[in-house]
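Participant: My questions all concern the structure below.
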Amino acid sequence: MKQYVRIICAILCCLVIAGCGPNEVKTSEQTQEPQKNPAPVVKAEKKPAQIGRDINPETLQIPVLMYHSINSNVKNNLITPPNEFEEQMKWLVDNDYHTLTLASLTEMLKTGQGVPDKPVVITFDDGYQDNYTNAYPILKKYGLKANIFVITDKIAKNNHFDEVALKEMSDYGLEMDSHTVHHFELNTLSYDEQLRELKDSKATLERLTDKKVNSICYPVGRYNEDTVRAAEASGYAMGFTTESGKANKNKGMYTLPRVRMVPGMSMESAVK
Ligand SMILES: [Zn+2]
């Protein structure tokens, strides 16, 4: 009797399995059959999330801060002590400022689109070792973005950070931009010499970071008409001087001014 029940069960199981197989195939076949009256496909419009608002680019003014060394060992007008630098970064966060990188600044200046409230750009010139040891930890602590203008011939020399530090900061999100190969005053060079300084430094940084280099800042703020032509020909989107003021497209995308940060300066006065 028991054996009879087992046989019945086995037959039933086979029927169920046999029934399932073809049905599953049929189901998937059915989905591939063209529907006679397909329902209209409503595609949700995927607009990128709008950050910020649109501002007339003619009137848009964005402060690009210019730091050099962040150090307490030496005192001069280009060196900001780390505690002062941290106070300034904290002030930006406490007052709801939004740090931009130069890569995102280009389109913003040209179009005025997607400008966040209280925009500010933090830049460092020369690529000093203390940018890595002193400024970078503070920028990370407050979640701030920044750009460093690197002199490529000075990488890992004297008090300048090396390729490993450069790559680490780049991978983290700090942007590396060009401050030429040798830090020559560009207005003393021929067009071809300038072009070489601009192109070679860009190529070196792009090789080291695996990222496109967006901007150049001219050593000691010296430049001439050839510099502007060479910057454009080298593929830079923007060029920065050491002239004082806020960035606006009418200043010229290759002659943009910055706000010089000197010791004892309040961030409030720098960004207003
Ligand atoms: Zn410099």
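Quick note: the coordinates plus some simple rules give every number you see, no bench work behind them. What you see is a predicted model; the values in this text were computed from it and never measured. Here the Cβ is made from the backbone with ideal geometry for all residues, glycine too, and neighbour counts use every protein chain on show.
Participant: Quick check on this structure: which one of N158, N224, N187, N250 is at positive phi and more than 20 Å from the chain's Cα centre (by Cα)?
Facilitator: Among N158, N224, N187, N250, only N158 is at positive phi and more than 20 Å from the chain's Cα centre (by Cα).
Participant: Considering each of K145, K90 in turn, give the residue that is part of a loop (DSSP other than H, G, I, E, B), within 20 Å of E268 (Cα to Cα), without any contact (Cβ under 8 Å) to a residue 60 or more places away in the chain and not aliphatic (A, V, I, L, M).
Facilitator: Residue meeting the stated conditions: K145.
Participant: Still on this structure: Inspect the range 154-162 for any residue being more than 16 Å from the ligand (Cβ to nearest atom) and assigned to a helix (DSSP H, G or I) and give the result as yes or no.
Facilitator: no
Participant: Being surrounded by fewer than 22 Cβ atoms within 10 Å (Cβ to Cβ) and under 16 Å from the mean Cα position of the chain (by Cα) is the filter here; which residues of the range 196-221 pass it?
Facilitator: Matches in the range 196-221: E206, L208, T209, D210, K211, K212, N214.
Participant: While we're here: Out of N224, N214, N250, report the one residue that is under 14 Å from T123 (Cβ atoms), among the polar types (S, T, N, Q) and more than 16 Å from the ligand (Cβ to nearest atom).
Facilitator: On inspection, the qualifying residue turns out to be N214.
Participant: Please specify each residue of the range 49-69 satisfying the condition of being of a type outside the set (G, A, S) and within 16 Å of the ligand (Cβ to nearest atom).
Facilitator: V64, L65, M66, Y67, H68
Participant: Can you pull out every residue in the range 227-247 that is within 16 Å of the ligand (Cβ to nearest atom) and of a type in the set (V, I, T)?
Facilitator: Scanning the range 227-247 gives T227, T241, T242.
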